[in-house]
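The values are calculated or read from the model by the stated rules, or taken from the named source; none is laboratory data. Note that this is a predicted model, so its numbers are computed, not measured. Every residue, glycine as well, gets a Cβ built from its backbone with ideal geometry; the counts of neighbours run over all protein chains shown.
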Amino acid sequence: MRFDPALIQRLVTIEFVAALVVFPVLFLVPAPYGRYQRRGFGPMMNARLGWIIMEFPAFAVPAWAFFAAGGAASCGGAAWLLLGLWLLHYGQRTFVFPLLMRGKGGRSAVLTVAMAIVFNCLNGVVNGTSLAWLGLDPARCAAYPPRLLVGAAIFLAGFAINLHADHVLRTLRAPGETGYKVPVGGAFRWVSAANYFGELIEWTGFAIAAMTPAAWAFAVFTAANLVPRAWSHHRWYRNTFPDYPPGRRAIIPLIF
């Protein structure tokens, strides 16, 4: 299948514009999930099933786009390495994370799931295609610049932070306990949303390694999506727990 470079560029531009829209909106209207679940967002569905449905395109579409755009003929390992990092993250998020979710009664808005599917399909096409073209560029086939290895290392560091933060959040309550507690340990020593902090590091590292407009668009959109959510978490923790650690920031240690 032949993908039109002009179309891919337009989709990348749409992603950048979407980030500019999402960033202020989420500061004003927190996404309706978890503790922010509320009426007015339409029909609801099982949260575990909704998570799998909305994350699966983020795993499958980039791989499909990569091969459809000729990625199988990649003449170097860089494109395969980057695709592997992508699938590592979304394989865990799609197939492992939902199985580890605690509680069976959680609900998600169908609207939220649908919007995530649309974005994940768009983002998957532009990034999968961009990685395929990266591997088909003769000038880059034998090149393993330092930024590739540095970016991959940053990605893996963020992935580890994200996994540890998820574990901390899952094990906050003993079996049978209810209510909320303050997470401690790991990156939670410095930020309220350590899981989001890990994701920011991941996709920044990926963008550094890939150095494609599509990768940077996703890194920017990730920040636009997660920074306001982290701020909502941070504000909620401070309002709920009077003794909340005063030195913690929302998502970026020592800064924000």
Any chance segment 219-228 includes a residue that's free of Cβ contacts under 8 Å to residues at least 24 places away in the same chain, assigned to a helix (DSSP H, G or I) and within 25 Å of L28 (Cα to Cα)? yes
Matching residues in segment 69-91 - criterion: being part of a helix (DSSP H, G or I), in contact (Cβ under 8 Å) with a residue 60 or more places away in the chain and either among the hydrophobic types (A, V, I, L, M, F, W, C) or surrounded by 15 or more Cβ atoms within 10 Å (Cβ to Cβ) (or both): G71, A73, A78, L81, L82, L85, W86, L88, H89
Checking the condition free of Cβ contacts under 8 Å to residues at least 40 places away in the same chain and either among the β-branched types (V, I, T) or outside any helix (DSSP H, G or I) (or both), which residue from V96, V125 passes? V96
Consider only pairs whose beta carbons are under 6 Å apart and that are at least six residues apart or on different chains; among these, list those whose first residue lies in segment 157-178 and is touching a residue at least 40 places away in the same chain (Cβ under 8 Å) and assigned to a helix (DSSP H, G or I) and whose second residue is charged (D, E, K, R) and surrounded by 13 or more Cβ atoms within 10 Å (Cβ to Cβ). G158/E202; F159/E202; N162/E199
Which of the residues that make up segment 1-12 are surrounded by 13 or more Cβ atoms within 10 Å (Cβ to Cβ) and in a helix (DSSP H, G or I)? I8, Q9, L11, V12
Which number in (1) under 20 Å from L169 (Cα atoms); (2) in a helix (DSSP H, G or I); (3) at pLDDT 95 or above marks the one condition that I252 misses? (2)
Could you please tell me which pairs satisfy a Cβ distance under 8 Å, a separation of 6+ or placement on different chains, a first residue in segment 200-214 that is in contact (Cβ under 8 Å) with a residue 12 or more places away in the chain, and a second residue that is not in a helix (DSSP H, G or I)? L200/I251; L200/I252
Six or more apart or on different chains, Cβ atoms under 6 Å: show the pairs whose first residue is in segment 229-256 and within 19 Å of L200 (Cβ to Cβ) and whose second is assigned to a loop (DSSP other than H, G, I, E, B) and aliphatic (A, V, I, L, M). A230/A193; A230/A250; A230/I251; W231/A250; H233/A193; H234/A250; I251/A193; F256/A250
